[in-house]
């Protein structure tokens, strides 16, 4: 199973902040799972490849989107100051 998630931001700086916040997820993953997140301009692109169970695949996507949501809220707070 594969997923490619593309998120767009208003500025390169916002995209960079979100990409850096979720990039630690690229390192520690279980066997049979690969996650790669990168910034391209104002976009954050994540590719997920899962060779195990559907539940693992779905949980990984959910975890990623939760981490992105937290990062976006932090960026929003910093931007409003």
Single unsatisfied condition, residue 75 versus (1) surrounded by 13 or more Cβ atoms within 10 Å (Cβ to Cβ); (2) over 20 Å from residue 2 (Cβ atoms); (3) within 14 Å of the chain's Cα centre (by Cα): (3)
Look at region 60-72 and say how many of its residues are surrounded by 13 or more Cβ atoms within 10 Å (Cβ to Cβ) and either farther than 14 Å from residue 21 by Cα or in contact with a strand residue (DSSP E or B) (Cβ under 7 Å, 6 or more places away or on another chain) (or both). 4
Here the residues within region 10-54 that are touching a residue at least 40 places away in the same chain (Cβ under 8 Å) and either touching a strand residue (DSSP E or B) at 6+ places or on another chain (Cβ under 6 Å) or surrounded by 14 or more Cβ atoms within 10 Å (Cβ to Cβ) (or both) are 14, 17, 18, 21, 22, 25, 45, 46, 47, 48, 49, 50
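Every number here is computed from the coordinates shown, using simple stated rules; none is lab data. All figures in this text were calculated on a predicted structure; none of them were measured in a lab. Cβ sites come from the backbone with ideal geometry, for glycine too, and all protein chains shown count toward neighbours.
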